[in-house]
Each structure stands twice: as C-alpha cells, then as structure tokens.
Amino acid sequence: MPSDTTTGAHRRAARLGTTPATTPAATTAPARPAGRPLGAEHVALTDDLLGRWQRRNGERTLPHVIAQVRTSGVLDNFRRVAHATGKPFRGRYPFADTDVYKTLEAAAYELARAEAAGGSVTSNSAAGSNTTGNSTAAVRAFYEEALALVTAAQADDGYLSSFHQGADATVPPWSDLAGGHELYNLGHLVQGALAGVRRLGDHRLLTVARRFAELVVDRFGPGGRAEYCGHPQVEVALVELYRETGHEPYLRQAEVFVERRGSGLFATAPSGPAYYADHAPLRDLDTVSGHAVRMVYLAAGATDVAIERRDRARIEHLLRLWDDMVRTKSYVTGGIGSRHSDEAFGDRYELPSDRAYAETCAAVGTMQWGWRLFLATGSAAVLDHVERVLYNGFAAGVSRDGTRFFYDNPLQRRPDHLDGRPADPAEPLRRPWFGCACCPPNVARWISGLQDHVALETPDGLTVALLTACRVRSAALSVEVVTDYPWDGRVTVRVLDARDAPATLTVRVPGWATTPRATVDGTSVSMDAPDGWLRLTRAWRRGQEVVLDLPMPARLVTAHPAVDATRGAVAAVRGPVVHCLEQADSPVPLDEVVVHDVGAAPPSDGAARDPVLAHALTAHVSRRPAPSDDPYPAADRTDPDRTDPPTPSTTTPVALVPYHLWANREPGAMRVWLPHT
C-alpha cells in the first residue's frame with residue numbers, strides 16, 4: 001500500500017454496543033452506542049459526484065441491466081419453471097438467479113426515489129451520452145414481472161433455484177453445495193426482498209424469501225445437515241432478515257454457517273478448500289486468503305453476527321484481518337485479489353499492477369464488510385479505506401455513460417494487451433455484459449443504495465460518515481451538506497433544523513488530510529481529531545454553518561518496499577482519488593515514461609475539449625527508452641545513452657486522469673504506477 005495510507009492500527013476506537021438491535025431504515029442497523037445508520041427515508045444525495053452517479057444509475061445503468069437480464073435469458077429461467085415451458089436453462093452458472101435479485105434490489109430503490117420526486121426516470125445529459133431514457137413505468141413493469149415469475153417458480157416447500165428446478169434439470173437440489181449456490185441465491189433474494197419492504201412497503205418478495213429461509217433453517221439448522229454454501233453471502237442476508245423480522249432463528253442460522261465454515265466440507269472440491277474460504281475456521285486466520293469475493297462476503301457476515309452477539313473478541317479479530325488486508329493485500333485503488341487464478345488474494349505484498357484482478361464484485365464486498373466493521377468499531381480509518389475503494393476500485397468498474405463494465409480492474413494495461421479480445425483497436429475495453437454477469441447488477445444495486453452509507457443518527461446528534469453533497473434528517477439535527485467532494489476539499493454543513501437541547505455534530509476528517517481547518521459561522525474551531533472525527537457540541541440554530549476545509553494538494557505516493565512490482569515507481573493521488581496516465585494523453589510511450597513531479601492544475605484547455613480531463617492532474621514526464629534490446633544486460637554495464645535527469649524545461653507536461661475514468665476514450669495503454677526519478 002502507499003506510504004501515506006492511514007490504517008486502523010493508530011486510529012482505532014473499537015466500541016461494541018450493549019443495546020438491543022432495532023429495525024433499520026438503512027442497509028444495517030446493529031446494536032451500537034453511537035446510533036444507527038440513516039437510510040433513504042432520511043438521506044438524499046444531491047449534486048456532487050455520488051449524486052450524479054446515482055442519477056446515472058437510475059437513468060442509464062438500471063435500464064441497461066434490465067435489458068440485459070431479459071436478453072440473456074435469466075428472467076426466462078424463472079419462466080421455464082413457473083410455466084413449465086419445456087425450454088432449457090439458459091447460461092452456464094447456477095447463480096444467474098441473483099442477476100434478477102440484484103436488479104430487483106436496485107429497482108426498489110430507484111422506483112421509490114423516482115416516485116417520491118413525482119417524475120420519471122429519464123435521460124440525463126450529465127450521463128455522458130445521448131439516451132432515449134427509460135420511464136418509471138418500464139422499471140415498474142420489470143419489477144412486477146420479475147416478482148411474479150420468482151413467486152410462481154418457488155416450490156411448495158419453499159425451495160427456489162431455477163438451475164435445479166424443472167423437469168429437465170440435470171443437477172438435483174442440494175447435491176452440489178460447493179458449486180450449486182442455492183444459499184448464495186437465497187442471500188441476494190433476501191436483500192432484494194428487504195429493499196422492496198424498506199423502500200416500497202412491498203412485502204411480496206419477502207414472503208418468498210422467508211419461505212426459502214425457513215426451509216434452510218429446517219434443513220441446515222442445529223440438528224440438521226452440518227453443511228454450508230460454497231459461496232458465502234447468505235450469512236449477511238440472514239442477519240438482515242433477523243433485524244427486519246426479529247425472528248431469532250435467522251440470526252442463529254447465520255452464526256451456525258459462520259462457525260461451521262473451515263471444517264473441511266470442501267477439502268476435495270475443485271480449486272481446493274481456500275477457494276471456498278473453507279481451509280480453516282475464520283477465527284484461526286491471521287490474513288485473508290483464497291477467493292477474494294468469498295472471503296470478504298464471509299467476513300461481512302461474521303461481523304454482523306458478532307455485532308448482534310456482542311462478541312468483542314470476534315470484532316477485534318476481524319479488525320485485525322481488515323488492517324492486514326489494507327496494509328498488505330490491497331492495491332492503492334482499494335482493489336483486492338492479485339491472482340487471476342481462482343480470483344484470489346495472493347501472498348502479502350503480492351500486488352502486480354498489470355495482473356491485478358481486483359474484481360468489481362470484490363470492491364462491493366470490501367465496502368460491504370468495511371461499512372459493517374465501521375458500525376461495530378467507530379473507526380474512521382476503516383471508512384477511509386471504504387472511501388478509497390468507492391472512488392477508485394469500485395468506480396472504475398462502470399463506464400462514464402453507465403452501460404459498460406469491467407469485471408477485473410488492473411492498474412496497468414500494456415500496449416499490446418488484448419485480454420482475449422479480437423485485435424480491433426476500436427473495440428471498447430469495457431463490455432456491456434458478461435457470461436458470468438455478477439458485476440453489472442452488483443454495481444446497480446450498490447449505487448442505488450449509496451445514501452445508506454452516509455450518515456448515522458446518534459443518541460446525542462448526527463454523524464456525517466461519508467463526505468458528499470446531501471440532505472440528512474434526524475431527530476436531533478437536520479442538515480444540508482454542500483460540497484463538490486472529492487474534487488474540492490471544502491465541505492459545508494448547514495443546519496436546517498435542530499432541537500432545543502444541545503446536540504453533537506460529528507464529521508469524519510479523512511486520514512489523508514494533513515492540515516484540515518474548520519469554522520462555525522466563520523469562527524475557527526479546534527481541529528483536535530486524533531481519531532479522525534471532528535465533534536462539535538452546542539445548541540444549534542437553523543442557518544448555522546460548519547465549514548470543513550481539507551487542502552487537496554496533488555501528491556506522489558510510493559508503495560511498501562516489499563511490493564516488488566512497484567519498486568522505484570510512484571502513483572499520483574489527490575484527496576481520495578487515484579490518477580493514472582493513459583497513452584492518449586502522453587506523447588511518450590508509456591513503457592518509457594519517467595515522472596518528475598505532479599501538480600493539481602489540469603491542462604490548460606483539456607477540460608473544455610474532453611470531460612474525462614475535467615479533474616485531471618498535470619505531471620511532468622520525460623522519456624527514458626531502454627538502452628538496447630538485450631532483455632538481460634549485465635548489471636555493471638555502463639549505459640552510454642544515460643544522461644542526468646532532465647531539467648523542468650526539458651520535460652513534457654501530461655494529463656493524469658482519475659483512475660475510475662480510464663478506458664472511456666479509445667483503447668490504449670494505461671499506468672497507475674510510473675517510474676520516478
């Protein structure tokens with residue numbers, strides 16, 4: 001990781017709750033003394049980057065995902081079971097059902113948002129391309145059709161998996177827990193159902209989900225089959241289902257699944273037990289390993305269970321795993337998974353840029369785990385990394401227009417790298433869909449719920465956890481946050497309403513901000529925030545303003561010396577945003593670029609010509625070609641062509657674009673890490 005990364009080791013403030021869990025309005029609401037997260041009923045994103053992403057999601061990404069779910073046959077797989085069409089299952093993967101469930105989750109959020117605004121989901125010029133739009137009625141039509149098909153496909157005993165159902169099914173139910181994914185499917189079914197309840201007041205899908213969950217509790221509960229799914233995810237969902245319903249067997253079942261894993265059920269399964277997070281009990285691990293998505297999904301579920309069981313030892317262990325992952329197994333973008341083989345974590349500091357897998361779903365899983373770990377510990381450092389993932393490793397997974405995606409997210413693309421594509425230089429690097437389409441609907445559902453990860457209601461006030469333009473309503477304080485973060489470091493929190501009694505407004509101060517300043521109504525206040533939180537307690541009045549200024553100089557960061565792949569190189573970062581160099585912006589071949597310095601100012605007229613350059617940095621680079629074609633010259637050979645480092649007057653200015661915006665123009669080489677003088 002870069003040397004400026006702030007980890008939880010020196011900003012940890014672990015706190016566990018002692019009060020009963022409450023029914024949440026947001027993604028999670030565990031028992032914790034600091035309060036509960038506020039969801040879409042209380043938080044609305046407005047006009048900065050996250051708000052624009054969310055509008056793009058409703059106007060472009062969700063309609064695109066719905067169209068792909070239809071054309072790929074995923075919806076037809078439910079139809080073949082519900083109506084006995086006699087048609088074969090379409091696709092290779094038994095977890096394709098989750099494409100529908102994730103899309104239903106996103107649709108519930110976007111329908112509620114559009115209907116609350118009294119308008120349609122229509123085209124948006126800010127999305128980056130011309131669109132014909134998509135009406136709320138069309139999204140509603142998909143929602144109703146999919147819900148009806150899912151309901152009709154459910155078996156009498158509650159079982160639901162279109163791959164394993166139907167007269168022509170070749171794999172019997174529950175016969176392949178390593179790869180069958182029935183429980184993984186249930187996890188996403190539950191999350192889609194809870195979105196319907198919480199955002200639309202619609203309990204229909206929840207009825208389906210509970211019937212399936214009851215079957216699972218009967219079959220795999222204490223005294224049942226001592227087994228578990230090859231892909232964790234159901235654990236998180238079962239805890240959420242418990243929080244919604246208060247039905248304790250769901251929590252107990254989630255705990256059972258967490259505790260059983262590592263008992264060797266998949267010791268002889270394809271790819272080996274680590275692939276399934278089954279090589280050792282979670283409690284015994286000292287580092288994350290194996291399939292990256294499975295591992296962070298399991299850790300998220302274990303965190304939820306520990307919160308509800310008030311298991312301090314488990315939380316501390318999970319925090320140690322998180323810190324180790326952030327320090328030794330995460331890219332500067334927050335991406336995880338350094339091996340294409342098994343989509344897996346590598347060894348500590350095994351972080352090759354050009355072979356980074358960094359799956360988009362792994363970014364979602366990291367944020368899912370990190371948010372829960374923050375709720376359990378109050379650690380601002382955990383949120384710092386969640387933010388790093390959000391603006392870099394996750395955001396790179398979707399194109400600027402919202403309709404093309406990356407499955408994996410490398411930090412370097414070589415000039416001749418085709419990645420299995422035909423040798424057509426005009427073909428876009430991102431793709432509209434995948435045969436294994438887990439990532440696009442995961443993007444849609446996560447962006448639709450971004451507001452659920454912004455603010456917390458506390459017993460004595462309000463906490464602003466993510467810095468973004470929004471309106472937040474709580475019992476003690478209601479505020480409007482005005483900012484152009486992450487492009488601008490000024491964050492204004494304006495009080496809209498306040499109770500008569502004193503209240504505490506708490507705002508996260510990112511760990512990268514070395515000289516933050518704050519004022520209340522123009523008067524400076526102390527910035528004593530060693531744990532990453534600015535706390536202001538007073539009797540607030542409507543119209544008062546807190547202004548947090550976070551200077552955002554462009555900076556060059558290095559990696560830990562044990563990361564061999566980036567030794568001698570630097571990456572450019574401004575605020576939480578990592579930048580990269582694309583060949584389109586460099587007259588120097590990227591394999592020969594040497595960077596000398598970086599500044600915050602973008603190229604003079606670049607933003608006017610190309611919106612990808614709107615928030616670019618400017619770096620000065622020079623060209624250092626290889627002295628010969630000899631791949632392994634003698635170490636003591638003197639390079640006759642080597643000269644002293646060039647002076648600034650002989651360097652070339654180039655634009656470094658935000659990493660999440662790369663590959664939105666013509667395909668070409670790209671580098672995050674650049675050799676440095």
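Before moving on, here are some points about what is shown:
- Any helices (runs of 4 or more DSSP H) falling wholly within the stretch 164-277 and containing at least 2 residues that are under 30 Å from R339 (Cα atoms) and touching a residue at least 40 places away in the same chain (Cβ under 8 Å): 182-200, 234-245, 248-260
- Taking the stretch 464-521 as the range and being hydroxyl-bearing (S, T, Y), closer than 25 Å to V332 by Cα and touching a residue at least 60 places away in the same chain (Cβ under 8 Å) as the test, the residues that pass are T468, T483, Y485.
- If you go through the stretch 498-517 and pick out every residue that is under 22 Å from V382 (Cβ atoms) and either assigned to a strand (DSSP E or B) or among the polar types (S, T, N, Q) (or both), you end up with 6.
- Residue list for the stretch 277-297, filter: acidic (D, E) and surrounded by fewer than 16 Cβ atoms within 10 Å (Cβ to Cβ): D284, D286
- Residue in the stretch 518-529 that is of a type in the set (A, V, I, L, M) and either surrounded by 20 or more Cβ atoms within 10 Å (Cβ to Cβ) or within 20 Å of G51 (Cβ to Cβ) (or both) present: yes
- Screening the stretch 57-148 for helices (runs of 4 or more DSSP H) wholly inside it with 2 or more residues that are modelled with pLDDT under 95 returns the ranges 97-117.
- Restricting attention to the stretch 344-371, the residues that are among the charged types (D, E, K, R) and in contact with a Leu (Cβ under 9 Å, 6 or more places away or on another chain) total 1.
- Flag if T303 is closer than 27 Å to T98 by Cβ, assigned to a loop (DSSP other than H, G, I, E, B), in contact (Cβ under 8 Å) with a residue 60 or more places away in the chain and not small (G, A, S): no
- Residue check for S289: more than 22 Å from G337 (Cβ to Cβ) and either in the same structural domain as Q368 (by TED's automatic domain parsing) or hydroxyl-bearing (S, T, Y) (or both): no
- A363 vs. criteria assigned to a helix (DSSP H, G or I), modelled with pLDDT under 95 and of a type in the set (A, V, I, L, M, F, W, C): no
- Residue within the stretch 611-631 that is exposed (fewer than 14 other Cβ atoms within 10 Å of the Cβ), modelled with pLDDT under 95 and β-branched (V, I, T) present: no
- All positions within the stretch 246-276 that are small (G, A, S), under 19 Å from R310 (Cβ atoms) and either surrounded by 21 or more Cβ atoms within 10 Å (Cβ to Cβ) or outside the structural domain of V293 (by TED's automatic domain parsing) (or both): A254
- Residues being among the aromatic types (F, W, Y) and farther than 22 Å from A362 by Cα - total across the stretch 228-278: 2
- One residue stands out in the stretch 310-341 among those that are in a helix (DSSP H, G or I) and of a type in the set (K, R): the one that is nearest to A559 (Cα to Cα), namely R327.
The values are calculated or read from the model by the stated rules, or taken from the named source; none is laboratory data. Source: prediction; values computed, not measured. Using ideal geometry, Cβ is built from the backbone for each residue, glycine included, and neighbour counts are taken over all protein chains shown.
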